[in-house]
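The values are calculated or read from the model by the stated rules, or taken from the named source; none is laboratory data. No experiment lies behind these values; they were computed from the predicted model shown. A quick note on method: Cβ atoms are made from the backbone with ideal geometry, for glycine too, and the neighbour counts reach across all protein chains shown.
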Amino acid sequence: MCLAIPVRILELNGDMAVGEVGGVERDVSVMMTPGVKVGDYVIVHAGFAIQVVDQQEARENLKMLREMAEATDAARERAERFRSGRRRQNPDRPRQA
């Protein structure tokens with residue numbers, strides 16, 4: 001599965017930029033988004049900015065990605081608690097891979 005995320009442009013240097021998301025800065029190619037400016041949000045896939053988006057759309061997408069990550073973490077924790085509880089209830093039961 002491919003995932004493109006909104007990134008805020010902090011610095012521009014020709015066809016390259018420094019972008020930030022979640023406090024993490026990354027190098028981003030902006031060669032496919034002519035006219036991008038510092039402060040703009042771009043959708044980045046595989047290190048390339050592929051589209052400029054407005055701030056509201058970028059924030060909504062980032063919020064949705066955070067919610068998905070939180071839901072995934074919670075589901076993983078529930079599954080681990082379930083698995084560890086089953087191991088305690090049936091300690092002699094062979095484990096399946």
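Points to keep in mind about this one:
Results for (1) surrounded by 16 or more Cβ atoms within 10 Å (Cβ to Cβ); (2) part of a helix (DSSP H, G or I); (3) of a type in the set (Ser, Thr, Tyr), shown as yes or no for each residue.
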position: VAL28; (1), (2), (3): yes, no, no
position: GLN51; (1), (2), (3): no, no, no
position: ALA58; (1), (2), (3): yes, yes, no
position: LYS63; (1), (2), (3): no, yes, no
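- If you check GLY39, GLY14, GLY19 for being modelled with pLDDT of 95 or more and surrounded by 13 or more Cβ atoms within 10 Å (Cβ to Cβ), only one passes: GLY19.
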